[in-house]
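The values are calculated or read from the model by the stated rules, or taken from the named source; none is laboratory data. Since the structure is predicted, the reported quantities are computational estimates derived from the model, not experimental observations. When we count neighbours, we look across all protein chains shown, and the Cβ atoms used for this are built from the backbone with ideal geometry, even at glycine.
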Amino acid sequence: MSTAARQNILQAYQVVLYDRALHPDSFQLQGRRVVRHGDYELEAWILPGQHLLRFECKALCLTELLTDQEKAVPQGSVSAFLCTGERDFDQAFPKHKVNYMTTVQTETLSENLYAATYDEMLDFARQTQALSHRWADEAGKCLSLIDIQRMSKEVHAQTYHLVASAGLVLRTQTIFENK
């Protein structure tokens, strides 16, 4: 794949934050996991090269969507940003005493390094029993996974999306904090 084509794929990825739930019929859902603890609930959806995290705490509902779809993104977001390079973003919801924080990192790897990273991440998914989905594109094996750690006042979700056609590894670490 040409450098320009790789860059186009990378530039299509964005994180979109909503202050409501999104309907599952709008997505190619491949798996889901629900984690409940105290006052909060996190529901994770995995899709090919994408994910959705829905966090509920009392009256607040937040949804993080990571997608490479530009036109099919539901309207009415709180915030949105592209995933190129490395980004940090946080949003406070003081009325509900909740903070949302995310870090996004993207890398494009050579074919050999991508293959080694794919194997390493597949092992990681097995060891941690992470929510994962494997598929293939025209260049080879692809993988998406979500690893969730819950704590008393916050929940962490680490996601990884490996897309062979671009040699892309996209990692997010999201924290929903209930103060």
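Identify, from the list 102, 117, 63, 84, the residue that is of a type in the set (Ser, Thr, Tyr), surrounded by 13 or more Cβ atoms within 10 Å (Cβ to Cβ), modelled with pLDDT under 95 and in contact with a strand residue (DSSP E or B) (Cβ under 9 Å, 6 or more places away or on another chain).
84
When you look at residue 165, is it of a type in the set (S, T, N, Q) and outside any strand (DSSP E or B), yes or no?
Taking the combined requirement at face value, the residue satisfies it.
If you check residue 144 against the conditions, is it of a type in the set (Gly, Ala, Ser) and in a loop (DSSP other than H, G, I, E, B)?
For residue 144, the condition - of a type in the set (Gly, Ala, Ser) and in a loop (DSSP other than H, G, I, E, B) - is not met.
Can you pull out the residues in the range 14-31 that are aliphatic (A, V, I, L, M) and assigned to a loop (DSSP other than H, G, I, E, B)?
Residues satisfying the conditions are 21, 22, 29.
Does residue 104 meet the test of being among the aliphatic types (A, V, I, L, M) and more than 26 Å from residue 141 (Cα to Cα)?
no
What's the number of the condition residue 34 fails, among (1) in contact (Cβ under 8 Å) with a residue 60 or more places away in the chain; (2) part of a strand (DSSP E or B); (3) among the β-branched types (Val, Ile, Thr)?
Among (1) in contact (Cβ under 8 Å) with a residue 60 or more places away in the chain; (2) part of a strand (DSSP E or B); (3) among the β-branched types (Val, Ile, Thr), residue 34 violates only (1).
Would you please name the residue that is farthest from residue 160 (Cα to Cα), looking only at residues in the range 130-144 that are in contact with a Lys or Arg (Cβ under 9 Å, 6 or more places away or on another chain) and in contact (Cβ under 8 Å) with a residue 60 or more places away in the chain?
Restricting to residues being in contact with a Lys or Arg (Cβ under 9 Å, 6 or more places away or on another chain) and in contact (Cβ under 8 Å) with a residue 60 or more places away in the chain, the top hit is 135.
Hey, among 115, 136, 130, 164, which residue is small (Gly, Ala, Ser) and closer than 30 Å to residue 56 by Cβ?
Step by step, each of 115, 136, 130, 164 is checked, and only 130 is small (Gly, Ala, Ser) and closer than 30 Å to residue 56 by Cβ.
Please determine, by comparing only the residues of the range 37-51 that are assigned to a strand (DSSP E or B) and in contact (Cβ under 8 Å) with a residue 40 or more places away in the chain, which one is nearest to the chain's Cα centre (by Cα).
Per the stated criteria, the residue is 51.
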